[in-house]
Ligand code: GCU
């Protein structure tokens, strides 16, 4: 799925921005060290990481990139609106749950769709995945409720920013539901616009209406859209904690592209997620900002000013001044398994920068007694590199595909089946 013309063309002028796709033009840079405290002293052990450095890094990402995290919901109520124990031809149980977040109000609320396998003794591990155009795009199952929320205009079956029945199953290629179920995993999704409409003029209208006023952006570290989508993922996990069919200690948070950025931030903030997976997440996700390859901080802030907090704009054309880089975001998943995936044609997202972020998170994993990436160079396309940090680059364009899911399922088999 593509949103930017810039993503499709090697080097173009886009909104006055020219992307660099020449490795020789990548400037020299020095990455900030995840294992050195703000006062300059080293992080010698796991306890110092956990007690001091990890909170420092979360605070730096809040202040300079994603905005301050939102508080717990003022109200949380789960309404089971649909349950079918014979879904998908009998292989799965389907549940649809409205997660109410405000008392005496229909909105804001998040609609979670959940399939769990029928032929496996529960509770089962699973994935929580953010859907771009509504849960109904994920599968042709006619019982999936069609989202009634505002959505961006270019999805199949979206007319005047509202999903129509034509949108049913429009994104089946994004989530191979039957394969996931057959391999013994649950799959949950919610439409990210339930949490925050993906539009600068609208993003405060749902969940943020509970917490922010119109002047919120005067505060440079105001809550962002990415922060709000991530918060919604945690509310999904709140529900999964109450569902006996799912082992809530073994839930992987997974997103593609802007929602891959979101998955990484969700996993950093909420350590209840047992695994963190970022698919083609690029700038502001897994890709190192300092490489200035493909999409850059200035371009993403110009195009999507609501995704990050206002302070992030201070680093337009000044990536070296950032107190963090994205390898530190990957490291905030530690010691839990974390996965970064790229695609060969997705140069806008800087595959090498994504690989290097996964690679440079390694010392934190080693400090905590976990395996870093098992390779020092980018693997060949299609080849898995699976330590506690996982990486692959697949042939092809910016997308989440069955191949990517196969890798994530293998990675989950490796880590979720070992004794806890
Ligand atoms: C744009 C944006 C990327 C983002 C992508 C997506 O291409 O520039 O940063 O990852 O949209 O979310 O699909």
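Coordinate-derived values only; no laboratory data. Keep in mind it's a predicted model, so treat the numbers as computed, not measured. Positions of Cβ are backbone-derived with ideal geometry, glycine not excepted, and every protein chain shown enters the neighbour counts.
At a 10 angstrom cut-off on C-beta neighbours, averaged per residue, how do the peptides 358-370, 182-194 rank from highest to lowest? Don't skip to the end; give the middle numbers.
Working: 358-370: 20.5, 182-194: 24.2.
So the peptides 358-370, 182-194, ranked by packing, come out 182-194, 358-370.
Once you order the gyration tensor axes a ≥ b ≥ c over the Cα atoms, which shape class does region 2-415 get: rounded for a/c under 1.5, otherwise prolate or oblate by comparing a/b with b/c?
On the way: a/c = 1.39, a/b = 1.27, b/c = 1.09.
Judged from the Cα gyration tensor, region 2-415 comes out rounded (a/c under 1.5).
In whole angstrom, how far apart do the alpha carbon centroids of region 331-364 and region 69-128 sit?
30
What full-extension length gain, to one decimal in nm, is calculated for residue 162 and residue 244 as 0.36 nm per residue of separation minus the Cα-Cα distance?
Numbers: separation 82, 0.36 × 82 = 29.52 nm, distance 3.40 nm.
Computed gain between residue 162 and residue 244 is 26.1 nm.
Using only Cα atoms, what Kirkwood radius does region 232-292 have, in angstroms?
Across region 232-292, the inverse of the average 1/r is 12.0 Å.
Where does each of 223-232, 78-87 land if you order them by average Cβ count within 10 Å, highest first? Could you put the intermediate results ahead of the total?
Numbers: 223-232: 28.3, 78-87: 13.5.
Ranked from most to least packed, the peptides come out as 223-232, 78-87.
Dividing the Cα radius of gyration by the Kirkwood radius, what Rg/Rh value follows for region 318-420? Spell out each step's value before the answer.
On the way: Rg = 13.7 Å, Rh = 14.1 Å.
Using Cα coordinates only, the ratio equals 0.97.
With springs only between Cα atoms under 10 Å, which of 74, 34, 125 fluctuates most in a Gaussian network model of the chain?
In the Gaussian network model the winner is 74.
Between 391, 115, 315, find the one with the highest GNM mean-square fluctuation for the chain; connect C-alpha pairs within less than 10 Å.
315
Place a point 7 Å from Cα of residue 48 in the direction of its Cβ. Which residues in region 309-349 have their backbone N less than 19 Å from it?
328, 331-332, 334-335
Sort out for me the Cα centre separation of region 228-283 from region 155-204, rounded to whole Å.
If you average the Cα positions of each part, the centres end up 15 Å apart.
Which of the peptides 344-350, 398-404 is most tightly packed, and how do the rest follow, judged by the mean count of other Cβ atoms within 10 Å per residue?
Details: 344-350: 22.4, 398-404: 19.7.
The most tightly packed comes first, giving 344-350, 398-404.
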